[in-house]
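Worksheet for the structure shown next.
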Amino acid sequence: MLHPALKSANARRLPEHGLAEAVALAAALPELDVRGSEVVKLARLHPGTLIGSGKLADLKTRFHDDGIELVLVDGSVSPVQQRNLEKEWGVKLLDRTSLILEIFADRARTREGVLQVELAALSYQRTRLVRAWTHLERQRGGFGFVGGPGETQLEADRRAIDDQVIRLKRQLDRVVKTRELHRASRRKVPFPLVALVGYTNAGKSTLFNRMTGAEVLAKDMLFATLDPTMRGVVLPSDTAGPGRKIIASDTVGFISDLPTQLVAAFRATLEEVLEADLILHVRDISHPETAEQAQDVTEILASLGVKPSVPVIEVWNKLDLVDPAARAALALGASGRDRVFPVSALTGEGVDGLLAAIAQAFDEAKTDLTLTLPFTEGRKRAWLHQEGVVTSETQTDDGYSLTLRWTARQEKRYRDL
C-alpha cells in the first residue's frame with residue numbers, strides 16, 4: 001500500500017492517518033493480504049510514473065523480493081501512470097477509486113446496490129480505455145485485477161460500455177420507482193424518518209442496532225454497511241407519549257475523496273437522507289482526525305442537496321475508547337450544546353439520553369392554519385397530504401382550501417419547497 005504525499009501540499013490531514021485509512025480499506029477485502037504500507041513523499045508529481053525514477057527502482061526491487069502481485073495506491077492514478085507503473089513493476093495496480101469500487105462490489109446485496117456498483121464501475125472504466133483490462137462480458141469477479149484484450153478493442157469496448165450503461169440505468173430507474181412507491185406508502189403513515197449518517201466505521205450500525213434491536217452487520221471494518229436498512233423505533237414514553245414511533249435508517253458510510261462515480265451512482269441509496277426529518281451525524285470521537293472526518297461528512301451532505309432546515313444531532317460515539325482524562329474534555333466541549341451527545345453504542349452509555357433528545361425533537365407544538373392553493377400547485381398539495389398535516393380539504397373554483405395542523409418544522413420544510 002502506497003500513500004503519495006506532496007511535501008508542499010497544505011493537506012487537511014496527516015499522511016500517516018491517510019495511510020492507516022487506506023490500509024483499513026484494503027483489509028475490507030478478505031482476499032487481500034497486505035504485506036506492507038508506506039507514505040511516499042514527493043517533491044512533485046511525475047506525469048508519466050507518479051513518482052521519481054529513484055523511488056521507482058527502489059520499490060521495484062522490494063516488490064520483486066517480496067513477491068508482490070498487487071500494489072494499491074491511495075490516491076488518483078491516471079491511466080497512463082497506471083499502465084507505466086504496471087509495466088515497470090510487473091504487478092497489477094489499483095488506485096483509491098478502483099479499490100473502493102472493489103469493496104462496494106464485494107458488499108452489495110440488494111438488487112439496487114448491485115446495479116449501482118456496476119454502473120459506477122462502468123463509468124470509471126470508460127475513462128480508462130487507454131489501457132487494457134478484462135473483457136466486459138465476464139461477470140463480477142473483480143473490476144481491476146485481471147488484464148484484458150488490448151487497445152485495439154477501444155472503440156468496441158467503448159460502445160459495449162455505453163450499451164451496458166443504458167441498460168443498467170433503465171433497470172435502476174425501475175428499482176428506484178419501486179422504492180419511491182414504498183416511500184410514498186410510508187409517508188401516509190406519519191412516522192418521522194431519522195437517518196444515521198457519518199464517516200465510515202464511525203459506529204452507525206452499532207448505534208442503529210442498539211436503538212432498534214436489529215442485527216445489522218456491525219464490524220470494525222470500513223464499509224461494513226452498504227445497503228440501507230430501516231427499522232421502527234419506539235421513543236421514550238415519558239417525553240414523547242405512549243406509542244410515539246419513528247423510522248430509523250442506517251446508511252452507507254462516507255469517506256474522504258469519495259469517487260465521483262460513486263457519489264452519483266449511490267445518490268438513490270442516499271435519498272433516505274434527503275427525506276429525513278432529523279439527521280444523526282455519528283462521529284468516531286476517539287479518532288485522531290474526528291474533526292476532519294466530520295467536515296468531510298458535512299461537505300458530502302451539502303453536495304447531496306440536504307437542506308439546511310433539516311435539524312442535525314451530533315452523536316459523539318465510541319466513548320468507551322476514550323481515556324478518562326479526554327472524557328472530561330469531551331464533556332466540557334459538549335456542555336451547553338443542545339445537539340451534541342457523547343455516547344457509546346457498544347456499551348449503551350448515553351444512548352437513553354440521545355433517544356430522549358430525539359423524542360423531544362419531534363414532540364413539538366402544532367398550530368392550525370387554513371391555506372389556499374391554486375390547481376397549479378399540485379406538487380405542494382401532494383407534499384402536504386404525504387406529510388399527513390391536512391385535516392380537511394375542499395375544492396373551490398380557484399383551487400383547494402386546506403386546513404392544516406402542523407409543527408413549525410413541517411411549516412419550514414413546506415416553505416422551502
_The listed residue being among the charged types (D, E, K, R), loosely packed, with under 13 Cβ neighbours inside 10 Å and within 30 Å of residue 211 (Cβ to Cβ), out of 398, 416_ = 416
*Are any of the residues in region 126-142 at pLDDT below 85, aromatic (Phe, Trp, Tyr), within 30 Å of residue 74 (Cβ to Cβ) and in contact with a Pro (Cβ under 9 Å, 6 or more places away or on another chain)?*
yes
*region 373-383, residues that are surrounded by 15 or more Cβ atoms within 10 Å (Cβ to Cβ) and modelled with pLDDT of 90 or more*: 373, 377, 380, 381
*Which condition does residue 273 not pass, out of (1) out of contact with any helix residue (DSSP H, G or I) (no Cβ under 6 Å at 6 or more places or on another chain); (2) in a helix (DSSP H, G or I); (3) modelled with pLDDT under 75, if it passes all the others?*
(3)
_Scan of region 346-381 for residues that are within 30 Å of residue 321 (Cα to Cα) and of a type in the set (A, V, I, L, M, F, W, C), ordered by number_ = 346, 351, 354, 355, 356, 357, 358, 359, 361
*With the checklist (1) over 14 Å from the mean Cα position of the chain (by Cα); (2) at pLDDT below 90; (3) exposed (fewer than 13 other Cβ atoms within 10 Å of the Cβ) in hand, flag the one item residue 291 doesn't pass.*
(2)
*Could you grab me the full set of residues in region 90-122 that are more than 19 Å from residue 28 (Cβ to Cβ) and surrounded by fewer than 19 Cβ atoms within 10 Å (Cβ to Cβ)?*
90, 91, 111
*Pick out, from region 299-417, the strands (runs of 3 or more DSSP E) lying fully within it that include 1 or more residues that are over 30 Å from residue 257 (Cα atoms), of a type outside the set (S, T, N, Q) and touching a residue at least 12 places away in the same chain (Cβ under 8 Å).*
366-374, 390-395, 399-407
_Residue match in region 324-347 (condition: over 20 Å from residue 285 (Cβ atoms) and surrounded by fewer than 12 Cβ atoms within 10 Å (Cβ to Cβ))_ = no
*In region 19-66, which residues are of a type in the set (Gly, Ala, Ser) and touching a residue at least 40 places away in the same chain (Cβ under 8 Å)?*
22, 24, 26, 27, 28
*Pick from region 144-186 the residues that are at pLDDT below 75 and of a type in the set (A, V, I, L, M, F, W, C): which of them is surrounded by the most Cβ atoms within 10 Å (Cβ to Cβ)?*
176
*How many residues does region 53-75 hold that are among the polar types (S, T, N, Q) and touching a strand residue (DSSP E or B) at 6+ places or on another chain (Cβ under 9 Å)?*
1
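The values are calculated or read from the model by the stated rules, or taken from the named source; none is laboratory data. Quick caveat: nothing in here was measured; it's all calculated off a predicted structure. Using ideal geometry, Cβ is built from the backbone for each residue, glycine included, and neighbour counts are taken over all protein chains shown.
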